[in-house]
1. Does segment 164-202 hold any residues that are among the charged types (D, E, K, R) and over 25 Å from ARG45 (Cα atoms), and which are they?
2. How many residues does segment 119-134 contain that are assigned to a loop (DSSP other than H, G, I, E, B) and buried (at least 19 other Cβ atoms within 10 Å of the Cβ)?
3. Scan (1) within 16 Å of ligand 1 (Cβ to nearest atom); (2) more than 25 Å from GLN53 (Cβ to Cβ); (3) assigned to a loop (DSSP other than H, G, I, E, B) for the single condition SER176 breaks and write down its number.
4. Only one residue in GLY63, GLY59 is farther than 20 Å from THR112 by Cα, over 22 Å from the mean Cα position of the chain (by Cα) and more than 15 Å from ligand 1 (Cβ to nearest atom), so which one is that?
5. Return the residues of segment 140-151 that are among the hydrophobic types (A, V, I, L, M, F, W, C) and part of a helix (DSSP H, G or I); say none if nothing qualifies.
6. Go through segment 86-109 and give me each residue that's in a loop (DSSP other than H, G, I, E, B) and away from ligand 2 (no atom under 15 Å from the Cβ).
7. Taking the residues in segment 39-56 that are assigned to a helix (DSSP H, G or I) and hydroxyl-bearing (Ser, Thr, Tyr) as candidates, determine which candidate is nearest to ligand 1 (Cβ to nearest atom).
Amino acid sequence: MAQWRKETLRVLVDMDMVLCDFEHHLLAEFRSKYPNLPYIPLSKRRGFYAKDQYDKTFGSNSGDKIMKIYRDAGFFTNLPEIPNAVKAVKEMNDMNLVDVYICSSPMFSCNTCLTEKANWIENYLGHRWVEKLILIKDKTLINADVLIDDRPEITGANKAPHWEHVVFTACHNSFSEIGQKRRLSGWTDGSWRELISTFLKQLQINNVES
Ligand SMILES: Cc1cn([C@H]2C[C@H](O)[C@@H](COP(=O)(O)O)O2)c(=O)[nH]c1=O
Ligand SMILES: [Mg+2]
């Protein structure tokens, strides 16, 4: 006879463009440092890497300036929050049978990025959450049920990651082709609750069937 096994739904939540607004801060810093240079408004951002679009649009001098901004000390600590992200993630983690972890790809070319990411989590979510922070280049290696991430394609050494990737809408991906993947459009309209409930139902079905 089928047995009920109390398993939790493990949800990985990305940082840049899911919890913290990398693109908004990058553009604000670029405009304040170089008020006379042309820039790409967020409504026109396409493709994951801002540097690539600046290289292609205005030349590599402009792309290098963009890169220098996000490599500078303090950049990652000072990122603003994506609206309502902290409240939503805490509420999600408090849901019965849900366990949230933060999963982010650090920039190893920036000396301070790792500690700044941990600082950001401590400042916005609290000390306890630093222990839930996974900093890894290859997210396919992490075993979880859901990954909420703005990068439309997530690939790595594991060709069949356990998690289902939900694409979090960001300026750079709003026109990207995402195939069969689900989207989450933000943290403010409460749609994340239905999304997590759907995954929870699926988990309960699987628990009963196994
Ligand atoms: C847009 C953009 C991002 N990056 C870097 C910054 C972070 O280290 C990663 C993104 O991490 P995530 O966990 O996938 O959110 O990419 C960059 O180097 N250049 C860019 O334009
Ligand atoms: Mg991201």
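1. In the first step, residues of segment 164-202 are kept if they are among the charged types (D, E, K, R); the result is 164, 177, 181-183, 189, 193-194, 201.
Passing the criteria: GLU164, ARG193, GLU194, LYS201.
2. Here the count works out to 1.
3. Single failed check for SER176: (2).
4. On the way: GLY63 fails: more than 15 Å from ligand 1 (Cβ to nearest atom).
GLY59 is the lone residue from the list that is farther than 20 Å from THR112 by Cα, over 22 Å from the mean Cα position of the chain (by Cα) and more than 15 Å from ligand 1 (Cβ to nearest atom).
5. So the first thing to find is which residues in segment 140-151 are among the hydrophobic types (A, V, I, L, M, F, W, C), and the list is 141-142, 144, 146-148.
Of everything in segment 140-151, just one residue is among the hydrophobic types (A, V, I, L, M, F, W, C) and part of a helix (DSSP H, G or I), namely LEU141.
6. First, the residues of segment 86-109 that are in a loop (DSSP other than H, G, I, E, B): 95-97, 105-109.
Matches in segment 86-109: MET95, ASN96, LEU97, PHE108, SER109.
7. Residues of segment 39-56 that are assigned to a helix (DSSP H, G or I), as a first pass: 42-44, 50-56.
Remaining after also requiring hydroxyl-bearing (Ser, Thr, Tyr): 43, 54.
On the way: SER43: 16, TYR54: 9 Å.
Selected residue: TYR54.
Matching residues to (1) within 21 Å of the chain's Cα centre (by Cα); (2) surrounded by 16 or more Cβ atoms within 10 Å (Cβ to Cβ); (3) within 9 Å of ligand 1 (Cβ to nearest atom):
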position	(1), (2), (3)
ASP16	yes, yes, yes
LYS33	no, no, no
ALA73	yes, no, no
THR112	yes, yes, no
LYS117	yes, yes, yes
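The values are calculated or read from the model by the stated rules, or taken from the named source; none is laboratory data. Please read these numbers as outputs of a predicted model, since none were measured by experiment. When we count neighbours, we look across all protein chains shown, and the Cβ atoms used for this are built from the backbone with ideal geometry, even at glycine.
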